[in-house]
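Take a look at the structure set out below.
The values are calculated or read from the model by the stated rules, or taken from the named source; none is laboratory data. Keep in mind that what you see is a predicted model, and the values were worked out from it rather than measured. Cβ sites come from the backbone with ideal geometry, for glycine too, and all protein chains shown count toward neighbours.
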Amino acid sequence: MQTAARQNPKVLLPGVFGFLLFLSLGSVVEWFLFEYRQERSAEMKATTDRHGENIRARLEGELNAVFYLSKGVAYNRAVHRDLSAPDRTSSVFAEIFRHSRHVRSFAIAEGYRIAYVFPPDDVGQPLDSNYENNTAQWPLIQRSVETHAPLLEWMNPPARGLTYLVPIFEDGQFWGLFSTLIDDSSLFSAAGLTHASGEYEYALRVQSDDGAKAGAILGSDALFADPEALISDIAIPGGIWQLAVKSAVEPTPGMVPQLFFALGWLFATLFAVLAMALWTLNRKLADLAFQDRLTGLPSRLIFLDRLKQVIRRTKRSQGSFSILFTNLNEFKSINESHGEKVGDMMLAGIGKRMIGFIRHCDTVTRWGGDEFLILLDECPHDQAKIIADNLRHQIELPMYCGEQKLRIGASIGLATFPDDGQSLTALLKVAGDRMSKDKSSQKIGR
């Protein structure tokens with residue numbers, strides 16, 4: 001049986017508890033902030049998606065306006081192919097050009113040779129040039145004629161821009177081409193594809209019908225690999241444009257979340273410190289309840305509880321046990337002569353001697369002042385008497401308290417269950433009376 005009071009908690013235990021509590025509360029704060037950031041990111045992504053869809057719709061609308069105009073002019077030329085009256089042709093194109101958007105020039109080719117360009121001073125192909133000799137555009141022109149379908153092609157420098165080709169057929173036979181050179185800067189600006197606001201990043205690239213992707217014609221190719229970017233397709237004659245849109249603004253928490261974050265961690269710190277202090281206080285109170293502060297021996301509460309258990313068990317087994325009530329002789333004079341500090345050292349030393357003297361199944365406590373009680377489990381009277389004599393001898397051995405060598409005597413009262421009583425109160429009374437009788441006899445003997 002345990003002979004000393006329960007050991008004190010380790011010094012680090014309250015600190016570990018406080019640290020873990022601090023981390024737990026801090027994790028809750030971080031979780032709330034994380035959830036807020038996730039919600040904010042989701043809102044920003046939804047806003048970016050809506051903005052990207054709006055840009056895509058505007059770009060499609062601007063392109064379709066040019067396509068419809070170009071197709072209308074091309075089909076008109078298919079009916080009125082006579083270019084012998086340049087003044088009348090120029091006036092018609094001037095009126096169309098005045099109302100067109102993003103168009104830099106028109107060109108009409110009879111066969112593959114350009115016969116007319118408006119306006120005449122455009123930087124595009126010179127008059128009477130042959131498309132067959134234009135290595136950059138010839139594959140596009142062949143594909144347009146072979147498929148009988150209009151095509152949109154991105155032109156690299158020096159002829160930077162977009163070319164929209166519409167083949168013209170007469171009775172199923174190829175007659176010529178109508179081409180529109182589109183101002184890409186004007187087109188992209190009208191669709192909102194600018195970086196002036198700094199709120200969004202844009203990129204645009206071309207994907208042909210066979211799936212091949214050309215480099216970005218606007219922005220950076222890297223944006224298409226960004227998981228945060230919205231990628232949407234825009235169908236164009238002869239292929240697909242891929243548009244990438246991403247918010248350029250990082251989702252940062254506002255003032256209220258930042259304040260919540262700071263106050264949350266402050267609360268976690270204060271709460272952890274308070275909890276650690278309460279933990280320490282609670283353990284100290286528990287120690288005071290379960291052990292004697294001065295000697296470290298089990299408290300009276302523990303001793304009485306243990307004594308009650310032994311009484312119940314011994315009654316069932318019909319065995320016996322004994323208790324020793326010990327009082328130090330002339331301890332008051334030691335306190336008066338050498339001071340309370342030395343007296344306390346002597347009490348602590350006596351407690352250690354008793355712990356080392358008794359068996360593991362026994363229990364010892366400081367009953368109060370200079371009085372000690374020892375519970376000798378499964379110990380009959382004769383055996384307890386021998387133990388009492390040996391204990392007296394151990395107590396009376398010299399003891400060093402600091403630099404002082406002191407000696408003290410002891411008065412011991414013995415009570416045995418069931419001969420001297422069968423209840424806790426009866427046993428304590430008998431042991432106390434016999435201790436007092438022993439003290440009196442020692443005084444008479446002197």
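Among all residue pairs at least 6 apart or on different chains, which show Cβ distances below 6 Å where the first residue, located in the stretch 153-174, is closer than 17 Å to residue 131 by Cα and the second is part of a loop (DSSP other than H, G, I, E, B) and modelled with pLDDT of 80 or more?
From residues that are closer than 17 Å to residue 131 by Cα, the pairs are 166/150.
Go through the stretch 292-304 residue by residue and tally those that are of a type outside the set (S, T, N, Q), under 21 Å from residue 435 (Cβ atoms) and not in a helix (DSSP H, G or I).
4
If we scan the stretch 177-189, do we find a residue that is out of contact with any strand residue (DSSP E or B) (no Cβ under 9 Å at 6 or more places or on another chain), at pLDDT 85 or above and either among the hydroxyl-bearing types (Ser, Thr, Tyr) or farther than 27 Å from residue 246 by Cβ (or both)?
yes
Would you confirm whether any residue within the stretch 340-351 is at positive phi, loosely packed, with under 13 Cβ neighbours inside 10 Å and within 60 Å of the chain's Cα centre (by Cα)?
Scanning the stretch 340-351 turns up no residue that is at positive phi, loosely packed, with under 13 Cβ neighbours inside 10 Å and within 60 Å of the chain's Cα centre (by Cα).
Quick test for you: out of 254, 238, pick the one residue that is more than 30 Å from residue 355 (Cβ to Cβ), surrounded by 12 or more Cβ atoms within 10 Å (Cβ to Cβ) and either under 34 Å from the mean Cα position of the chain (by Cα) or at pLDDT 70 or above (or both). Steps first, please.
Working: 254 fails: surrounded by 12 or more Cβ atoms within 10 Å (Cβ to Cβ).
That would be 238, the only listed residue that is more than 30 Å from residue 355 (Cβ to Cβ), surrounded by 12 or more Cβ atoms within 10 Å (Cβ to Cβ) and either under 34 Å from the mean Cα position of the chain (by Cα) or at pLDDT 70 or above (or both).
Given the stretch 305-397, what strands (runs of 3 or more DSSP E) lie entirely inside it while holding 2 or more residues that are among the aliphatic types (A, V, I, L, M)?
321-328, 371-376
For the stretch 167-188, what are the residues that are in a helix (DSSP H, G or I) and surrounded by fewer than 18 Cβ atoms within 10 Å (Cβ to Cβ)?
Across the stretch 167-188, the qualifying residues are 185, 186.
State yes or no: is residue 58 at pLDDT 75 or above and in a loop (DSSP other than H, G, I, E, B)?
Spelling it out, it is not the case that residue 58 is at pLDDT 75 or above and in a loop (DSSP other than H, G, I, E, B).
Take the residues of the stretch 109-137 that are of a type outside the set (Phe, Trp, Tyr), buried (at least 18 other Cβ atoms within 10 Å of the Cβ) and touching a Pro at 6+ places or on another chain (Cβ under 9 Å): which is modelled with the highest pLDDT?
Looking at residues that are of a type outside the set (Phe, Trp, Tyr), buried (at least 18 other Cβ atoms within 10 Å of the Cβ) and touching a Pro at 6+ places or on another chain (Cβ under 9 Å), I get 114.
Scan the stretch 315-329 for residues that are out of contact with any Asp or Glu (no Cβ under 8 Å at 6 or more places or on another chain) and surrounded by 12 or more Cβ atoms within 10 Å (Cβ to Cβ) and jot them down.
Let us first name the residues in the stretch 315-329 that are out of contact with any Asp or Glu (no Cβ under 8 Å at 6 or more places or on another chain), namely 315-318, 322-324, 329.
Scanning the stretch 315-329 gives 315, 322, 323, 324, 329.
Among the residues of the stretch 406-417, are any among the hydroxyl-bearing types (Ser, Thr, Tyr) and under 24 Å from residue 293 (Cα atoms)?
Yes, because at least one residue in the stretch 406-417 is among the hydroxyl-bearing types (Ser, Thr, Tyr) and under 24 Å from residue 293 (Cα atoms).
Within the stretch 214-232, restricting attention to residues that are assigned to a loop (DSSP other than H, G, I, E, B) and on the phi < 0 side of the Ramachandran plot, which residue is surrounded by the most Cβ atoms within 10 Å (Cβ to Cβ)? Walk me through how you get there before you give the answer.
Of the residues in the stretch 214-232, the ones assigned to a loop (DSSP other than H, G, I, E, B) are 219-220, 226-229.
Filter once more, so that each one left must be on the phi < 0 side of the Ramachandran plot: 220, 226-229.
Values: 220: 15, 226: 14, 227: 5, 228: 12, 229: 20.
Filtering first and then ranking leaves 229.
Take residue 423 and decide whether it is touching a residue at least 12 places away in the same chain (Cβ under 8 Å), surrounded by fewer than 16 Cβ atoms within 10 Å (Cβ to Cβ), over 25 Å from residue 293 (Cα atoms) and among the hydroxyl-bearing types (Ser, Thr, Tyr). Quick ask: steps written out before the conclusion?
Details: touching a residue at least 12 places away in the same chain (Cβ under 8 Å): yes; surrounded by fewer than 16 Cβ atoms within 10 Å (Cβ to Cβ): yes; over 25 Å from residue 293 (Cα atoms): yes; among the hydroxyl-bearing types (Ser, Thr, Tyr): yes.
Judged against the criteria, residue 423 is a match.
List, please: which pairs have Cβ atoms under 7 Å, are six or more places apart or on different chains, and start with a residue in the stretch 356-385 that is at positive phi and end with one that is modelled with pLDDT of 95 or more?
Every condition considered, the pairs that remain are 378/321.
Yes or no: residue 320 modelled with pLDDT under 90, touching a Phe, Trp or Tyr at 6+ places or on another chain (Cβ under 7 Å) and small (Gly, Ala, Ser)?
It is false that residue 320 is modelled with pLDDT under 90, touching a Phe, Trp or Tyr at 6+ places or on another chain (Cβ under 7 Å) and small (Gly, Ala, Ser).
Inspect the stretch 18-37 for any residue being surrounded by 13 or more Cβ atoms within 10 Å (Cβ to Cβ), among the aromatic types (Phe, Trp, Tyr) and modelled with pLDDT under 70 and give the result as yes or no.
yes
In the stretch 403-420, what residues are within 29 Å of residue 335 (Cβ to Cβ) and either of a type in the set (Asp, Glu) or crowded, with 18+ Cβ neighbours inside 10 Å (or both)?
Answer for the stretch 403-420, where residues must be within 29 Å of residue 335 (Cβ to Cβ) and either of a type in the set (Asp, Glu) or crowded, with 18+ Cβ neighbours inside 10 Å (or both): 403, 408, 410, 411, 412, 413, 414, 415.
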